[in-house]
Each structure stands twice: as structure tokens, then as C-alpha cells.
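Here the structure is laid out as C-alpha cells; the discussion comes afterwards.
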Amino acid sequence: MSRLALSFALALSLTNVASAHETREESAQLRIAPPMLDRARVRAALVANRRANLARFHAYRIAGVYPSNVFADGLTNVWRDQQGHFCAAATIIRASGEVELVDRIAEDDNFFRIADAEQGPVIDWILTSGLTKEELVMIQKPFRPVTLDPVEDPTTTITIDSVMRKNETARLAKLYRQIELKLVKTQRANLERAVDRLMARPDLARRLLAS
């Protein structure tokens, strides 16, 4: 065999080896590629979570024990009050098992507003809750003051005015009832919106299906 033919044969052999190696790599990548998400399964998981979270909200409304705003003289979001009562959104999240997350928020930012959240564990929770962020914002209503002398950062327990507390409880009970009815009335569209948003986060969706 001539030197030219030998060189050509060697080059062809190396090309075939490289091609075979690339084919094996592509096959390996295909083997480890995650399966396509089944929208129906994702939707079913969100339906179950939504049902549980709506039941938690209903129980919160019926119990009628809501946080006392002793921190400001106007409408203010209170995550946890001095007596340890949580707002509706915090209660729902906490009851789902995220106790540490909810308690940490109370310590770090007790006036936390879900409306301001753009990413992080609260948003991840919402995406797997079966509810939309807009619905959680609607649930997390700010509170009117229930004391004549609010203190933003009290070092002692603030005295609650009984009349103000009674009126605020009645206002919230009525408001939560309206919200609960709206959540049921609009749940079909909002559930599909929740599915769309979770499908856009396949890592989170797979984690939900695996739990």
C-alpha cells in the first residue's frame, strides 16, 4: 500500500472512531434526558394541592382568629402578631408543612407582602400550591389597627382595644367569605394558569410529582 493510501486509510479510521464516540455520547445524552412532563399529571397534583389549601383557608376563616395590627395606624400587612397569630397566607403555607419558612419570614420581615415577592421559596411554594400568586395576594389582606397607640417595633405587649378588635374581626370575616367565594368561582381559569406557570418550571414540576 502506498504512503498516500496508508495516510488516507488512517485518517478515515480516526474519523470513524470519532464519529462512533460522538454517537455514543449522543446516545448517552438521550438516555439520561429527563422524560417529557405529563401536563395531566401536573394538573392532577395541583388540583390536590389547591383543594387542600382552600380547605386550610376555609378553616382559617371559620376559626375567626386573625392577627392584631398594633404596629401601625393604617392598613398594614402583619405576618405574625404579638400573640402568635398568622395572617391567612402565612397560615395556609405553614399548615402545608413549611413551618420553618413561615417562622423565618416572621423573624426577618414581619410586614412581608407576597405581592412584592418575585423569586425564592415563597414563589416556589405558590407555583406548587395550585393557587396563583394573584390569589395569594388577594388572600393576604392588610389589617386595620386594633389599638389607639400603635408602635412599629414594640418591646412590650400592646393593649388591644376590644371594640376595635371586634369590628376588625367582623370586617375580615366578611371579606374572607367574599374571597372564598371568588376563589371557587374563578378556580377553573386560575388552575390552568397555575399549571402553565409550573410547566414553565420543569425542575419544580418534577419535584412535585416525585413527592
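The values are calculated or read from the model by the stated rules, or taken from the named source; none is laboratory data. Everything quoted here is computed from the prediction, not taken from an experiment. For neighbour counting, all protein chains shown are included, and Cβ atoms are generated from backbone atoms with ideal geometry for every residue, glycine included.
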Quiz prompt | Pairs where the first residue, in segment 136-163, is at positive phi and the second is surrounded by 13 or more Cβ atoms within 10 Å (Cβ to Cβ) and outside any helix (DSSP H, G or I), C-beta under 7 Å, 6+ apart | solution = none
Practice problem: From the list PRO121, PRO145, PRO150, pick out the single residue that is within 22 Å of ALA52 (Cα to Cα) and either surrounded by fewer than 14 Cβ atoms within 10 Å (Cβ to Cβ) or of a type outside the set (Ser, Thr, Tyr) (or both). | Solution: PRO121
Exercise. Taking ASP116 as meeting all but one of (1) loosely packed, with under 12 Cβ neighbours inside 10 Å; (2) under 19 Å from HIS58 (Cα atoms), write down the number of the exception.
Key: (2)
Quiz item: Which members of segment 91-129 meet the condition of being touching a helix residue (DSSP H, G or I) at 6+ places or on another chain (Cβ under 9 Å), without any contact (Cβ under 8 Å) to a residue 60 or more places away in the chain and in a loop (DSSP other than H, G, I, E, B)?
Solution: SER96, GLU98, PHE112, ARG113, ALA117
Exercise. With respect to ALA106, determine if the residue is over 15 Å from the mean Cα position of the chain (by Cα), surrounded by 14 or more Cβ atoms within 10 Å (Cβ to Cβ) and at pLDDT 95 or above.
Key: yes
Quiz item: If you go through segment 144-155 one residue at a time, do you hit one that is in a loop (DSSP other than H, G, I, E, B), among the β-branched types (Val, Ile, Thr), farther than 27 Å from ARG43 by Cβ and at pLDDT below 95?
Solution: yes
Quiz item: Of all residues in segment 156-172, how many are surrounded by 14 or more Cβ atoms within 10 Å (Cβ to Cβ), of a type outside the set (S, T, N, Q) and in a helix (DSSP H, G or I)?
Solution: 5
Quiz item: If the Cβ limit is 6 Å and pairs must be 6+ apart or interchain, which residue in segment 180-197 that is assigned by TED's automatic domain parsing to the domain that holds ILE139 and over 14 Å from ASN49 (Cβ atoms) pairs with which residue that is buried (at least 17 other Cβ atoms within 10 Å of the Cβ) and among the hydroxyl-bearing types (Ser, Thr, Tyr)?
Solution: ARG193/THR132
Quiz item: Within segment 67-76, is there a residue that is among the polar types (S, T, N, Q), buried (at least 21 other Cβ atoms within 10 Å of the Cβ) and over 13 Å from the mean Cα position of the chain (by Cα)?
Solution: yes
Exercise. Go through segment 28-79 and give me each residue that's of a type in the set (A, V, I, L, M, F, W, C), at pLDDT 95 or above, more than 17 Å from TYR176 (Cα to Cα) and assigned to a loop (DSSP other than H, G, I, E, B).
Key: VAL70, PHE71, ALA72
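Does any residue of segment 83-96 turn out to be touching a His at 6+ places or on another chain (Cβ under 6 Å), surrounded by 22 or more Cβ atoms within 10 Å (Cβ to Cβ) and modelled with pLDDT of 95 or more?
For segment 83-96, residues touching a His at 6+ places or on another chain (Cβ under 6 Å), surrounded by 22 or more Cβ atoms within 10 Å (Cβ to Cβ) and modelled with pLDDT of 95 or more: absent.
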